[in-house]
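Novice: Dropping a structure here in structure tokens format, bear with me for questions.
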Amino acid sequence: MKNGLFLFLLFTSVTFAQDRLLPAESATLKGFVGERLDNSYRNRILAQDVARLVEPFKTRTEERCWQTEFWGKWFTSAVLAYRYQPTPQLKTVLDGAVSQLLATQTSDGYIGNYAEAKRFENWDIWGRKYSMLGLLAYHELTKDKRSLKAARRVADHLIRELTERKALIAFKGNHRGMAASSVLEPIALLYARTNDKKYLAFAEEIVRQWELPDGPQLLSKALDNVDVAKRFPKPKNWWSYEQGQKAYEMMSCYEGLLELYRITGKPQYRTAVEKVWENIRDTEINITGSGSSVECWFGGGKLQTLPAKHYQETCVTVTWIKLSQQLLRLTGEAKYADAVENAFYNALLGSMKPDGSTWAKYSPLAGVRQAGEEQCGMGLNCCEASGPRGLFAWPLTVVMQEKSGLSINFFAEGTYRLQTPGKQTAEVIQQTDYPVSGKVTIKIHLPKAEQMTIRVRIPAWSQQSDLSINGQPVNGLVAGQYAEINRLWQSSDEITLALDMRGRVLRAGDNAGFVAVRRGPLVLARDSRFGYPDVDETISPATDKDGFLPLEVVAESNFWISLKAPFAVGSYREGEAGKPVPLLFCDYASAGDAWNEKNRFRVWLPVLFDPEK
């Protein structure tokens with residue numbers, strides 16, 4: 001099945017800034033990631049009781065909660081899942097979900113559950129946003145005119161209500177209006193589909209209101225490179241309007257701003273998103289690729305060895321992945337793919353229960369895995385609804401197409417079909433157990449030979465990489481960039497890639513008081529299931545002369561990847577102190593994998609202080 005453009009936006013007559021990369025037409029993944037996708041498809045997407053998600057829309061008495069976000073989050077996840085694996089069963093579910101939602105739309109166009117007197121407060125507009133995103137996703141998938149009309153009616157009703165009540169959207173709801181004004185995303189998408197200038201005018205008005213005194217100032221603070229954790233004083237009430245550091249809602253606004261850039265071409269919009277992305281990466285993102293404490297930015301990059309409260313919300317992880325994917329699509333730059341890979345393999349997969357049935361709401365770097373609480377009486381929480389969006393947004397971006405050829409962004413066993421510049425259907429087959437090893441074989445199948453460029457990402461962490469075409473080495477590889485090979489490609493051509501899987505020791509804290517271990521894209525962790533020594537034991541890594549940590553893969557059925565590495569252990573008796581012994585580690589995604597609170601894990605390990613050195 002041809003999937004069109006990823007994340008709901010095709011090139012249209014009103015798109016001025018075109019994306020460099022387009023998604024694969026189809027992808028079939030195998031191995032560990034393929035299994036996780038299948039589990040989530042079966043046990044989360046298809047298992048959802050859709051009627052329960054629709055029920056709140058039938059009674060319009062709400063004043064505070066966010067029940068109406070759940071339909072949109074689940075539905076957009078389900079559309080992505082269908083694009084990945086288009087089965088009749090899921091299509092029937094999608095059709096029914098839209099019909100059920102449309103049946104709740106009022107005569108004036110409202111889809112939501114707030115009492116009329118409480119409209120615009122708390123999470124009302126946020127919920128409307130997710131309804132529109134779901135309806136637009138369905139329209140993009142099916143070209144169903146009902147869903148586009150319904151989304152327009154929701155938008156028209158919102159614009160009319162704001163005008164009649166003389167209300168400013170950037171001052172409604174919580175978190176400096178970021179939740180409400182993140183409706184910018186579906187409004188920009190509506191303009192791209194309809195060319196109706198009232199949607200463009202409303203989108204620009206939202207951005208104008210951002211910059212009013214006491215507004216969220218999302219444009220100016222990004223352009224001025226103000227740290228996302230320092231934009232406003234700490235609020236007296238954490239969950240109030242004054243909270244300007246709310247991570248998920250902030251990034252959602254920048255997703256909308258990037259869509260507005262696509263339809264206007266205004267460079268300041270793109271620059272603002274690129275700058276805020278770099279600021280988040282440099283000041284907030286931790287070793288596993290995500291961040292936040294109590295759902296807000298807090299300067300977490302430098303504080304990640306601390307046991308922070310309600311750490312690393314899965315909604316934040318998913319939105320960081322989505323924002324990074326947006327920028328990867330637009331620019332084709334490797335740094336965005338590096339960020340997606342880190343978050344996907346670590347923070348995202350680590351927050352998913354292996355059977356795909358649920359997701360952790362928070363994911364610490366030390367502690368236990370546990371599910372979040374139910375919210376709003378809906379039988380699930382925001383992160384359970386959001387998690388699959390990050391998961392199913394990934395497969396069609398592993399290999400993408402562009403005007404000059406193909407772009408291999410990630411490495412995962414599977415088959416990918418794409419259109420070449422010459423309008424052929426290319427089949428790209430990846431044979432690999434990555435990231436268990438760093439060896440990847442990529443076979444290109446073409447109906448006939450074609451001159452084009454194939455780009456292969458060399459991850460920033462891979463300082464020693466080997467790339468060859470049909471056995472002939474490609475020179476000049478640079479970590480953190482794409483290798484670009486322009487040639488006459490034929491159906492028998494084969495790319496082989498070997499990446500640097502040496503153990504890397506990272507240090508953090510006062511006097512480098514903590515260490516963590518990385519291997520390839522994976523963050524490693526100690527797990528209590530390994531037994532003695534305890535996960536909190538002080539240790540010192542026995543690195544080689546080049547500063548790398550020798551790692552050996554070992555067989556262990558409880559983990560995706562388990563390895564042993566030499567460390568000196570602090571509690572050993574005097575005669576044994578300082579002598580390295582092999583300690584067992586696993587990948588972060590498997591740590592605490594049984595979701596049993598008796599299974600503790602730890603990423604940052606306390607280092608034994610030795611005054612003799």
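Every number here is computed from the coordinates shown, using simple stated rules; none is lab data. The model shown is predicted, which means the values in this text are computed figures rather than measured ones. Reconstructed Cβ throughout: ideal geometry from the backbone, glycine too, with neighbour counts over all protein chains shown.
Novice: What is the order of 157, 310, fewest Cβ neighbours within 10 Å to most? It would help to have the intermediate numbers written out before the result.
Specialist: On the way: 157 18, 310 14.
The fewest-first ordering by Cβ neighbours comes to 310, 157.
Novice: Follow-up question, since we're still on this one. Using modelled amide H (1.01 Å from N, peptide plane; none on Pro or chain starts), what sits under 5 Å from the amide H of residue 405, excluding residues fewer than 5 places away?
Specialist: Counting only residues 5 or more places away or on other chains, the set is 453.
Novice: Here's something else I'd like to know. After finding the eigenvalues of the alpha carbon gyration tensor for region 41-94, what semi-axes result from the square roots of 5 times each, listed largest first in whole Å?
Specialist: Details: eigenvalues 123, 21, 14 Å².
Taking √(5λ) for each eigenvalue gives 25, 10, 8 Å, largest first.
Novice: OK, next. Using the Karplus curve 6.51 cos²θ - 1.76 cosθ + 1.60 with θ = phi - 60°, work out ³J(HN,Hα) for each residue of region 221-235 in order, rounded to whole Hz, and write x for Gly and Pro.
Specialist: Karplus values, whole Hz, x for Gly and Pro: 5, 5, 5, 7, 6, 6, 3, 5, 8, 10, 6, 9, x, 4, x.
Novice: Could you give the spread of the C-alpha atoms of region 421-562 along their three principal axes, from largest to smallest, in whole angstroms?
Specialist: 59, 33, 24
Novice: Another one. Calculate the translational D of region 401-498 in whole µm² s⁻¹ from Stokes-Einstein, where the hydrodynamic radius comes from the Kirkwood formula applied to all Cα pairs, the temperature is 4 °C and the viscosity 1.567 mPa s. Could you put the intermediate results ahead of the total?
Specialist: Numbers: Rh = 13.5 Å.
The estimated diffusion coefficient comes to 96 µm²/s.
Novice: I'd like the Karplus ³J(HN,Hα) series for region 332-347: coefficients 6.51, -1.76, 1.60, θ = phi - 60°, whole numbers in Hz, and an x wherever there's a Gly or Pro.
Specialist: Rounded to whole hertz, the list is x, 7, 5, 4, 6, 5, 4, 5, 4, 4, 4, 5, 5, 6, 10, 4.
Novice: Name the long-range amide H neighbours of residue 542: under 5 Å, sequence gap of 5 or more, or other chain; modelled H, no Pro or chain starts.
Specialist: For residue 542, whose amide H was placed from the backbone, the distant partners under 5 Å are 567, 568.
Novice: For residue 601, what charge total do you get from the other residues with a beta carbon under 10 Å from its beta carbon, if Lys and Arg give +1 and Asp and Glu give -1?
Specialist: That works out to +3.
Novice: Taking neighbour Cβ counts within 10 Å as the exposure measure, how do 445, 139 sort from fewest upward? Don't skip to the end; give the middle numbers.
Specialist: Working: 445 16, 139 21.
Going from sparsest to densest Cβ surroundings: 445, 139.
Novice: Then there is this: Per the chain: cysteines with no other Cys C-beta under 4.7 angstrom?
Specialist: That list is 253, 296, 315, 382, 383, 586.
Novice: Test of understanding: ordering 16, 559 by Cβ neighbours within 10 Å, fewest first, what list do you get?
Specialist: Details: 16 11, 559 21.
Listing 16, 559 from fewest to most nearby Cβ atoms yields 16, 559.
Novice: Here is a follow-up. Taking amide H atoms as placed 1.01 Å from N in the peptide plane, list the residues 5 or more away in sequence, or in a different chain, whose amide H sits under 5 Å from that of residue 489.
Specialist: 450, 451, 452
Novice: May I ask you to evaluate 6.51 cos²θ - 1.76 cosθ + 1.60, the Karplus curve with θ = phi - 60°, for each residue of region 410-421 and list the ³J(HN,Hα) values in order in whole Hz, giving x for glycine and proline?
Specialist: The phi angles translate into 9, 10, 7, 4, x, 10, 10, 10, 9, 9, 8, x Hz.
Novice: Apply the Kirkwood formula to region 503-606: the hydrodynamic radius equals the inverse of the mean of 1/r over all pairs of different alpha-carbon atoms; give it in Å with one decimal.
Specialist: Values: mean 1/r = 0.0718 Å⁻¹.
That comes to 13.9 Å for region 503-606.
Novice: Still on this structure, please answer the following. Which of the pairs 143/197; 322/598; 118/322; 172/361; 198/234 have their Cα atoms more than 28 Å apart in this structure?
Specialist: Numbers: 143/197 21 Å; 322/598 33 Å; 118/322 31 Å; 172/361 26 Å; 198/234 37 Å.
Distance filter (> 28 Å) returns 322/598; 118/322; 198/234.
Novice: Quick one: the Cα spread of region 147-304 along its three principal axes, in angstroms, biggest first?
Specialist: That works out to 47, 32, 29 Å along the principal axes.
Novice: Next question. Starting from one equal scatterer on each C-alpha and no solvent at all, send me the Debye-based log10 I(q)/I(0) for region 244-384 at q = 0.16 Å⁻¹, two decimals.
Specialist: The Debye formula, applied to the Cα set alone, gives -0.82.
Novice: Determine how many Å³ per residue the convex hull of the Cα atoms of the chain encloses. Write down the numbers at each step before the final one.
Specialist: Details: hull volume 94.1 nm³, N = 613.
Convex hull volume per residue, Cα atoms: 154 Å³.
Novice: For every other residue with a beta carbon closer than 14 angstrom to the beta carbon of residue 33, add +1 if it is Lys or Arg and -1 if Asp or Glu, then tell me the sum. Each step should come with its number before you reach the end.
Specialist: On the way: positive: 30, 36; negative: 35, 38, 341, 413, 433, 587.
Result for the local shell: -4.
Novice: Taking the Cβ of residue 72 as the centre, find all other residues whose Cβ is under 12 Å away and add up their charges (Lys, Arg: +1; Asp, Glu: -1).
Specialist: Combined, the nearby Lys, Arg, Asp and Glu give +2.
Novice: If Rh is defined by the Kirkwood formula over all Cα pairs and Rg also comes from Cα, what ratio Rg/Rh do you get for region 167-227?
Specialist: On the way: Rg = 12.1 Å, Rh = 12.0 Å.
Rounded to two decimals, Rg/Rh equals 1.01.
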